[in-house]
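Below is one structure, written out as structure tokens; comments come after it.
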Amino acid sequence: MPAQPDYSSTNVGVFGAGGSGKTTWAARYLTATPFQARFVFDPIGSLARYLRIPRAQTEADLVQQLRTGWAAYDPARMFPDDYEAGAAWFARWSFTWSERLSGRKVWACDELWRFMTSSRLPPEIRTVMLAGRNFGMDFLAITHRPTDLHPQIRPQLDLVACFATTADGESARYLVDRGFDLDQVRALRPAKVRKPPCGQFVVRSLSGAEYSGALYGGGAQGVARR
Ligand SMILES: Nc1ncnc2c1ncn2[C@@H]1O[C@H](COP(=O)(O)OP(=O)(O)OP(=O)(O)O)[C@@H](O)[C@H]1O
Ligand SMILES: [Mg+2]
């Protein structure tokens, strides 16, 4: 499969405190976007649970799953003591497939901060994100705050979905730079309150388009700002 130089990939960052609604939103996004293949690194099983998809523990099972358009990977069997190595292996495996498969693909990881610190960027994850876009591969990272992500990753996000958070310091500055209204973000109601409207979010693109809404009991509103 030749590179897809004209493809404009979308790298998504989903931020928010525990129980704010991040994983639910990401599962909906992955389902609603017409990806040809979705590569999900899911050691906790959180995304697979919301998506109601099985997780593969071996390469053979991953290949089988990929036929359905969803390859969710649980590293427990191949990398029982080293999930970070599992993330690196899966990123490399996914990247190999992105070169072979046509169409739009995505590599997604919940709680990415567990496998990539802000000071250490595994080269395999760097490759799947930065070089993957040449082969139609999008990227989706879910984590608590922007500073959990390596500084090389942060500027590459095209779309930021922000849920209830107490962002301060560098994370707050990142969100302000991206056009977020911090007072609005801090007032968002998390999903865990379970009283609609809850799971409130604000999504902004690099171009300044914005929409906000709630996972439970609130319609989405789109406005173009900035
Ligand atoms: N109608 C509903 N159905 C299911 N869950 C709901 C509903 N309303 C609110 N919730 C809450 O949504 C929360 C799930 O949110 P989600 O797991 O997406 O959050 P998260 O930000 O990923 O959390 P964590 O940081 O713990 O992974 C649960 O706490 C659940 O109680
Ligand atoms: Mg979650």
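So the values come out like this:
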quantity: Scan of segment 141-169 for residues that are hydrophobic (A, V, I, L, M, F, W, C), in contact with a helix residue (DSSP H, G or I) (Cβ under 6 Å, 6 or more places away or on another chain) and farther than 19 Å from residue 210 by Cβ, ordered by number; calculated: 141, 142
quantity: Criterion: surrounded by 15 or more Cβ atoms within 10 Å (Cβ to Cβ), more than 18 Å from residue 14 (Cβ to Cβ) and touching a residue at least 40 places away in the same chain (Cβ under 8 Å) - qualifying residue of 103, 86; calculated: 86
quantity: Unique match (being over 16 Å from residue 30 (Cβ atoms), of a type in the set (Lys, Arg) and either over 18 Å from the mean Cα position of the chain (by Cα) or assigned to a loop (DSSP other than H, G, I, E, B) (or both)) among 120, 126, 92; calculated: 120
quantity: Matching residues, segment 146-179, being within 16 Å of residue 26 (Cβ to Cβ) and small (Gly, Ala, Ser); calculated: 161, 164
quantity: Yes/no for residue 67 being of a type in the set (Lys, Arg), over 30 Å from residue 214 (Cα atoms) and surrounded by fewer than 20 Cβ atoms within 10 Å (Cβ to Cβ); calculated: yes
quantity: Of all residues in segment 122-136 being within 26 Å of residue 179 (Cα to Cα) and hydrophobic (A, V, I, L, M, F, W, C), the one that is farthest from ligand 1 (Cβ to nearest atom); calculated: 130
quantity: Residue list for segment 165-179, restricted to those being over 12 Å from residue 15 (Cα atoms) and touching a strand residue (DSSP E or B) at 6+ places or on another chain (Cβ under 7 Å); calculated: 178, 179
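Any read-out appearing in this document is the output of simple, stated calculations on the displayed coordinates, not a laboratory observation. What you see is a predicted model, and the numbers here were worked out from it, not measured in a lab. Don't worry about glycine lacking a Cβ; one is built from the backbone with ideal geometry, like all the others, and counts go over all protein chains shown.
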